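Just so you know, all these numbers are worked out from the coordinates, no wet-lab data involved. Because the structure is predicted, anything quoted here is derived from the model rather than measured. As a convention, Cβ positions derive from the backbone with ideal geometry for all residues, glycine included, and neighbour counts pool all protein chains shown.
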Amino acid sequence: MPYGLVAAICVSVVEPRIGCKVHALRLHKLSAPGIFLISGLMLKLGEVKRALKSPLPLLLGLCTISLVLPLSAQLALRWPFLSQDLVYGMAIFLCMPTALSTGVQICTHYGGNPALALMLTVGSNLLSIATIPFFVSYVLAQGSEIKLSVDAFVLFKSLVKSILVPMLAGVALRSKVPRVTEWVDANKKALSMVSASLLISVPLAELSSSVAKGLTLLPSELAQVAALGVCFPAAFMAFNAVTTRCFLGGLPQDIRKTLVIVCSLKTLPSAVMVVQKMQEIVPTLSGAALVPCMMFHIIQTLLISAAASGASPAKQV
């Protein structure tokens, strides 16, 4: 996915006509429902039930992801050196729940608790249907000098249709149709590739459309976004390390490590979908708002993966 996102940015700048064709065909509108349908198909309810056996870490993680860290969007909104659309893009990304698969993958590879990571992922993304409209429509609007008028109920309905319904449909198919379960388990890699391709199609289409209309981004702006993309997840990891040590110091290290990893990540598909819906509500918002979302996603993945691998105990030969 990181390679695809970088490629989407390059293609959008160098040859925007390719992305404009995707935009004209409206193929990118299928991105969010398709991604969350695949997420539902790949969700194993048995792992979710196992994660529910640790209610305190789950509760702390959900509160951190859904209620505490989205307030950091206020800091992004006060950054004075970037254009309005780039600032809104950063703030929108910071309001998102945890990443859909990255946290589970990092925890699996580097000594975390995959079941707890999965439960935090599912729970926070379902809660986000209620929390995202609040943070986007009220916190962002009140924290910005330029008032952003967003109908919370319209955004809520869009999230239900784009996230909840497809995910529940995928879960239902997996749990009720054994052949679907077998096929999904045998084709995980292909489904992951399809999901990544659906996600990449959105910035390709939206950014190409904006570039074709005259959008330009200065190297200094991209450098600032990259620097902030390092600062925010680093601050999140530090905050989560302190809170887990204070409240969960007696629990096993894999539980605490999982919270630090999963709570420090933000999901890109939801951010891309929210930017799309906001463009329908606020037509002046350009595709440039997707650039910080993509850059933050790539940087957080590299930074948190490196930190998790560095904190893992050395494997015995």
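Numbers at a glance
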| item | result |
| --- | --- |
| Loop sites in region 216-317: trypsin sites (Lys or Arg not before Pro), DSSP, at most 12 other Cβ within 10 Å | Lys315 |
| Cross-link pairs Lys44/Lys188; Lys161/Lys277; Lys189/Lys266; Lys157/Lys189 - those with Cα-Cα distance over 20 Å | Lys189/Lys266; Lys157/Lys189 |
| Leading residue at positive end of dipole, the chain (Cβ point charges), from Phe36, Ala186, Val87 | Ala186 |
| Point-charge dipole on Cβ atoms (K/R +1, D/E -1) for region 177-304, about Cα centre, debye to 20 | 240 |
| Neighbour-count ranking [beta-carbon atoms within 10 angstrom, fewest first] of Leu302, Leu56 | Leu56, Leu302 |
| Computed FRET value (nearest 0.05) for Ser192 with Cys246, which takes r as the C-beta separation and R₀ as 35 Å | 0.45 |
| Chymotrypsin sites (Phe, Trp or Tyr not before Pro) within region 32-139: DSSP coil, no more than 16 neighbouring Cβ in 10 Å | Phe81 |
| With Cα atoms, 0 to 90° folded angle of helix 2-14 axis to the chain main axis | 0 |
| Approximate spin-label separation Lys157-Glu182, in nm, with each point projected 7 Å along Cα-to-Cβ | 4.2 |
| For the chain: relative contact order, % (alpha-carbon pairs under 8 angstrom, 6 or more apart) | 34 |
| Protection proxy ranking of 158-167, 3-12 - average other beta-carbon atoms within 10 Å, highest first | 158-167, 3-12 |
| 222 nm mean residue ellipticity, helices alone, for the chain (DSSP H n ≥ 4; -39,500 (n - 2.57); rounded to 500) | -23000 deg cm²/dmol |
| For the chain, the fraction of alpha-carbon pairs in successive 10 Å shells from zero, as % | 6, 27, 36, 23, 7, 1 |
| Cα long-axis angle, helix 16-25 against the chain (0 to 90 degrees, to the nearest 10) | 80 |
| Nearest-ten-degree value, helix 165-176 long axis tilted from longest Cα axis of the chain | 40 |
| Coil-residue chymotrypsin sites (Phe, Trp or Tyr not before Pro) of region 158-260, DSSP, other Cβ within 10 Å capped at 11 | none |
